[in-house]
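The values are calculated or read from the model by the stated rules, or taken from the named source; none is laboratory data. All of these numbers come straight from a predicted model, not from anything done at the bench. Neighbour counts are summed over all protein chains in view; Cβ atoms, including those assigned to glycine, are modelled from backbone coordinates with ideal geometry. Quick note on the areas: whole protein, heavy atoms, side chains included, nothing else; ligands and nucleic acids left out. Shrake-Rupley method; radii C 1.70, N 1.55, O 1.52, S 1.80 Å.
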Amino acid sequence: MAGTDDDAPSPFTSLYPEIARMKRSNLRAAIDDIDKIIQSLEHTRAQVAGEGDANWIGMSMMNLQKPVKEGLESVNNDLKEVTKAQKSFGKALDRALPQRELPMEADAMASHEPLISRAIIMHLLREGRFNVASTFLEENQQANSLRTERAALQPSSQLDMDGDDDMNGEGEEGGDIERDILDVKIHSADLQAQFAEMYQILSELKNKNLLPAIQWAYDNSDRLGQKGSNLEFELNKLQFVWLFKGPGVNGLPDDDSNGQQGAMQYARQNFARFQRRHLKEIQQLCCAMVYAPNIEQSPYRQIFETDSTFEEVAGCFTRDFCSLLGLSAESPLYVAVTAGSIALPRLIKYTTYTREKRTEWTTENELAFETPLPSSMIYHPIFVCPVSKEQTTEQNPPMMLTCGHAICRDSLHNIAKNSRYKCPYCPTEGHVKDAVKITL
């Protein structure tokens, strides 16, 4: 029985040994050798510091030359190993991912340079790379100004031939790009301040300090409530648990505001306004006081486990913070690049196979191909039936025909005759019962 394409070894298999070599050939050995040289120098300096004999000092310096020279040679050898590993990995990567043209006739994003620049700047701001974002924005603006100046210096006949005779008009492309970049520049100043605050709060959360996040949630309580967020209560709940654990765990001062007494005092001061929505959870927290001497064996043990709670709360804080800014929790550029890197190898393989078999998909901008993305990148798109031009619903879901085209269920029944249909986009015929419901 012939093997299938799925049985073929992955091109990335050859990268695993190189990745292991990269991990082994790191800079740790070079750093250790440099530390040894520094220790030798410091030791010799300490010896000659109190000596007045010039001959003895000269002898000490002579004795120091050989170990320092050997140490520097060791550092160079360590760096050579790192360089060899990097070059070897680069060659293996080129073999595993050979450069070849993508199966498309034109670059779909070539005419959307301002959008790409905006996405890059927004990604850098979201990652806290404020200096890089500022530099990218300035260089982008300079390059755009240079293009506009060059276009203005071209002869009018050349502009007419190129179809760019309106470059200096109000509706020109160059002016649009400048305005887009200027909008990003103005907007980025405010976003930079916003994200700087976010990263400051996340830094405090990493250090198990919840107070800045609690204050931010309190200041934005109304907006968070309108979005149905429970972030403010979850932060206060975690603060109660953290105080409950006491100074031996949380590292806070050992006074009346810490430990079980401090947790109960905190609950009286802050939980009252959450009773309407979180009464049951508040009751559980208060009842846990009874089991304080043996909380690990109590029914409330899971509530007081904080191994991953701070990371979860930090994730919730990031999502809600970005939500109030009108942004998604993850960078769209990161999602797009990651999704493309996952989907492109299989897409290229599919298009190559269909061309070899001369079964190319003829419908423009469509492929009968399912993108293999992880569940974290599966969203809920809106499907509009290409026949009825109506948005699908649960009662009228999208249906995939045997040829791969998709229409809504009502349209399928409308074009069917005696339980058979002919696809409205290709010559394929099929039976209604063979159509498959698509879940988006």
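Some notes on this structure:
- Surface/4 estimate of mean projected area, convex hull on alpha-carbon atoms of segment 257-358, nm²: 12.3
- Computed from backbone phi with θ = phi - 60° and the Karplus coefficients 6.51, -1.76 and 1.60, the 3J(HN,Hα) list for segment 204-214 is 5, 5, 4, 8, 6, 9, 8, 4, x, 5, 5 Hz; x is used for glycine and proline.
- Residue 111 - accessible surface, heavy atoms, 1.4 Å probe, Å² rounded to 10: 90
- A probe of 1.4 angstrom, applied to the heavy atoms of all protein chains, finds residue 403 with accessible area near 20 square angstrom.
- Relative frequency of Cα-Cα separations exceeding 13 Å in segment 199-241, percent: 51
- The calculated FRET efficiency for the pair residue 132 and residue 269, based on their C-beta separation and a Förster distance of 51 Å, comes to about 0.75.
- Virtual paramagnetic centre 7 Å along Cα→Cβ of residue 219, amide N under 20 Å, in segment 314-355: 314-327
- Listed pairs 66/87; 417/437; 36/208; 349/389 exceeding 28 Å between Cα atoms: 66/87; 36/208; 349/389
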